[in-house]
Amino acid sequence: MRPLREAAAQRAITAPRTSTEARLADIWKTVLALPEVCVFDNFFDLWGQSLLAVKVTALVAEQFGVSLPTRAIFDAENLASLAVRIDQIATQPAAVPAFQPIKRQARQPQTPNTVS
């Protein structure tokens, strides 16, 4: 076991306090192959890396139905702050407006081109 992972396994665990934290903790445990994570853990301190961060964003999209930018994992101080970010994204109105069909207008009959 890597030194930081070993230290992480021996520290006190603060359990998830919200459903978002709990679901995100399950994602982190799966991706990082850890038995437990704390809401105050930083993804990269637990030996997360950029490819695993991309995997986390895919799982977040699948399980939460939100598009979390991978950059958010780099910017998040810990699991709790990332859960807050997910909740913020989930409550924001869609950035792209819903599709609005274009109404067709009747065409004006064209006069035939004739050569005299």
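Within the bounds of the stretch 74-86, is there any residue that is within 10 Å of the chain's Cα centre (by Cα), surrounded by 10 or more Cβ atoms within 10 Å (Cβ to Cβ) and without any contact (Cβ under 8 Å) to a residue 40 or more places away in the chain?
Step one: of the stretch 74-86, the residues within 10 Å of the chain's Cα centre (by Cα) are 82-83, 85-86.
With surrounded by 10 or more Cβ atoms within 10 Å (Cβ to Cβ) added as a condition, the list becomes 82-83, 85-86.
Those still in the list that are without any contact (Cβ under 8 Å) to a residue 40 or more places away in the chain too: 85.
Yes, that holds for at least one residue.
Just to be sure I understand, how many residues within the stretch 66-76 are over 19 Å from PRO16 (Cβ atoms) and either in contact with an Asp or Glu (Cβ under 9 Å, 6 or more places away or on another chain) or part of a loop (DSSP other than H, G, I, E, B) (or both)? So that I can check it myself, show each step before the final result.
As a first pass, look at the stretch 66-76 and keep what is over 19 Å from PRO16 (Cβ atoms): 67, 69-71, 74-75.
Cutting the leftovers down to either in contact with an Asp or Glu (Cβ under 9 Å, 6 or more places away or on another chain) or part of a loop (DSSP other than H, G, I, E, B) (or both) gives us 67, 69.
Looking only at that region, the number is 2.
From (1) of a type in the set (Phe, Trp, Tyr); (2) surrounded by fewer than 19 Cβ atoms within 10 Å (Cβ to Cβ); (3) modelled with pLDDT of 95 or more, pick out the condition that doesn't hold for TRP47. Condition not satisfied by TRP47: (3). Residue-level check: of (1) loosely packed, with under 13 Cβ neighbours inside 10 Å; (2) in contact (Cβ under 8 Å) with a residue 60 or more places away in the chain, LEU24 misses just (1). Considering (1) touching a helix residue (DSSP H, G or I) at 6+ places or on another chain (Cβ under 6 Å); (2) part of a loop (DSSP other than H, G, I, E, B); (3) more than 22 Å from ILE13 (Cα to Cα), the lone condition that PRO93 does not fulfil carries the number (1).
Selection within the stretch 1-34: residues that are modelled with pLDDT of 95 or more and of a type in the set (D, E, K, R). The member of this set that is nearest to VAL60 (Cα to Cα) is ARG23. Filtered by the rule that a residue be outside any helix (DSSP H, G or I) and out of contact with any Asp or Glu (no Cβ under 9 Å at 6 or more places or on another chain), the stretch 38-65 gives CYS38, ASP41, PHE43, TRP47, GLY48, GLN49, GLY65. What are the residues in the stretch 15-37 that are in a helix (DSSP H, G or I) and not basic (Lys, Arg), if any? Once the filter is applied, which keeps residues that are in a helix (DSSP H, G or I) and not basic (Lys, Arg), the stretch 15-37 yields SER19, THR20, GLU21, ALA22, LEU24, ALA25, ASP26, ILE27, TRP28, THR30, VAL31, LEU32.
The values are calculated or read from the model by the stated rules, or taken from the named source; none is laboratory data. No experiment lies behind these values; they were computed from the predicted model shown. Here the Cβ is made from the backbone with ideal geometry for all residues, glycine too, and neighbour counts use every protein chain on show.
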